[in-house]
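Novice: Okay, here's the structure, questions in a sec.
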Amino acid sequence: MTQTTRSLADGTTLPAIGFGTYPLRGDDGVAAIRSAIEVGYRLLDTAVNYRNEREVAEAVRASGVPRDELFIQTKIPGRDHGNARRSIETSLEIMGLDELDAVLIHWPNPSQGLFVTAWEGLIDAQQAGLVRHIGVSNFTAAHLDALVEATGVTPAINQIELHPLFPQDAQRAADAERGILTQAWSPMGKREAPFDAAPVVAAAQAHGATPGQVILAWHLAVGSLPLPKSTSPQRQQENLAAAQVALTSAEVSAIGGLAREDGRLFDGDPDLHEEM
Ligand SMILES: NC(=O)c1ccc[n+]([C@@H]2O[C@H](COP(=O)([O-])OP(=O)(O)OC[C@H]3O[C@@H](n4cnc5c(N)ncnc54)[C@H](OP(=O)(O)O)[C@@H]3O)[C@@H](O)[C@H]2O)c1
């Protein structure tokens, strides 16, 4: 299947729309993730703290899609910052895989003061062939620079909260300047998703698209790689087809204009929020 793609700094291409797997667990979770693979998703986003790496692996096996056609990424939790390589080995054991496509540091947890140590662990795991690409999540420009200063190695990916209510213009620019691909978590805006907002409705009507597709098309237009989650095969398919919707620059600006002064969905400021 031909998919719109995005490139990492080393030239590796990724599908432009990935599948978010939180909080899909148990048999229903496996079914939802398997359905996502079957409708065409090839990038799967999980994390140790989602406690569903096993379900992701089971869905991959059940789908019959060859492993090398999928991009599987997980995230190491705060409690593993001092032990990142071991954390990755455990994820590989749980998933029954030899190698992950990407591993991210889930949150910087700055008060812990160990995110550079965690980054050194990811570099070690990459050199040992356990993971192809290494990156981060919820990192600010200052956190990114601390990693590069200490190790000389720039993350391939920064996965951040990003949706029309919180478009993250400055962080997207900071990532792009450093050659880092920005992925978007809660790309719709989750429970606050602006499906009824005037610019979204107008663009949906103009393009014969759904509001969800318009929001995802906005991500692609601003250079963000969205990771929508859905349990519904129909919405999974709808979301993937958003890559066919080409918004005008006026529509992109109008949707970006939905930004709120503090558009975060919860108090997830990476300088303050900590997750273990
Ligand atoms: N790195 C981090 O710190 C972090 C934090 C949060 C999330 N994430 C990642 O980001 C992924 C997505 O985030 P999220 O689940 O919080 O938010 P989201 O994808 O913005 O929103 C998901 C919600 O939107 C609904 N939905 C999906 N497509 C829709 C459509 N086309 N029309 C109407 N409703 C639609 C889903 O309901 P249905 O399921 O009923 O369709 C679900 O309730 C997660 O799964 C996870 O992989 C990462």
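Any read-out appearing in this document is the output of simple, stated calculations on the displayed coordinates, not a laboratory observation. Computed from a predicted model, the values in this text were never measured in an experiment. Backbone-built Cβ (ideal geometry, glycine too); neighbour counts: all protein chains shown.
Quick grid of which residues meet (1) among the aliphatic types (A, V, I, L, M); (2) free of Cβ contacts under 8 Å to residues at least 24 places away in the same chain:
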{"site": "Gln213", "(1), (2)": "no, no"}
{"site": "Gly223", "(1), (2)": "no, no"}
{"site": "Lys229", "(1), (2)": "no, no"}
{"site": "Gln236", "(1), (2)": "no, no"}
{"site": "Leu247", "(1), (2)": "yes, no"}
{"site": "Asp267", "(1), (2)": "no, yes"}
{"site": "Met276", "(1), (2)": "yes, no"}
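Novice: Look at segment 108-129 and say how many of its residues are under 20 Å from the mean Cα position of the chain (by Cα) and within 24 Å of Arg42 (Cα to Cα).
Specialist: Final tally of qualifying residues: 2.
Novice: Confirm whether Ile157 is buried (at least 17 other Cβ atoms within 10 Å of the Cβ), closer than 30 Å to Ala203 by Cα and of a type in the set (Val, Ile, Thr). Reasoning before the result, please.
Specialist: Numbers: buried (at least 17 other Cβ atoms within 10 Å of the Cβ): yes; closer than 30 Å to Ala203 by Cα: yes; of a type in the set (Val, Ile, Thr): yes.
Spelling it out, Ile157 is indeed buried (at least 17 other Cβ atoms within 10 Å of the Cβ), closer than 30 Å to Ala203 by Cα and of a type in the set (Val, Ile, Thr).
Novice: Select from segment 8-29 the residues that are more than 20 Å from Ser137 (Cα to Cα) and free of Cβ contacts under 8 Å to residues at least 24 places away in the same chain and list them in ascending order. Before the answer, list the steps.
Specialist: Applying the first criterion (more than 20 Å from Ser137 (Cα to Cα)) to segment 8-29 yields 11, 25-29.
Residues satisfying the conditions are Gly11, Asp27.
Novice: Only one residue in Leu216, Leu122 is in contact with a strand residue (DSSP E or B) (Cβ under 9 Å, 6 or more places away or on another chain), hydrophobic (A, V, I, L, M, F, W, C) and farther than 28 Å from Asn239 by Cα, so which one is that? Walk me through it before giving the result.
Specialist: Working: Leu216 fails: farther than 28 Å from Asn239 by Cα.
Residue meeting the stated conditions: Leu122.
Novice: Take segment 123-147 and flag every residue that is within 15 Å of the ligand (Cβ to nearest atom), in contact (Cβ under 8 Å) with a residue 40 or more places away in the chain and on the phi < 0 side of the Ramachandran plot.
Specialist: Listed by number, the residues that qualify are Gly135, Ser137, Phe139, Thr140, His143.
Novice: Can you tell me which of Glu261, Glu251, Glu238 is over 20 Å from Tyr22 (Cβ atoms), of a type in the set (D, E, K, R) and crowded, with 18+ Cβ neighbours inside 10 Å? Can you show your working first?
Specialist: Values: Glu261 fails: crowded, with 18+ Cβ neighbours inside 10 Å; Glu238 fails: over 20 Å from Tyr22 (Cβ atoms).
Of Glu261, Glu251, Glu238, the one residue that is over 20 Å from Tyr22 (Cβ atoms), of a type in the set (D, E, K, R) and crowded, with 18+ Cβ neighbours inside 10 Å is Glu251.
Novice: Please specify each residue of segment 126-154 satisfying the condition of being surrounded by fewer than 23 Cβ atoms within 10 Å (Cβ to Cβ), in contact with a strand residue (DSSP E or B) (Cβ under 9 Å, 6 or more places away or on another chain) and of a type in the set (Gly, Ala, Ser).
Specialist: Hits for segment 126-154: nothing passes.
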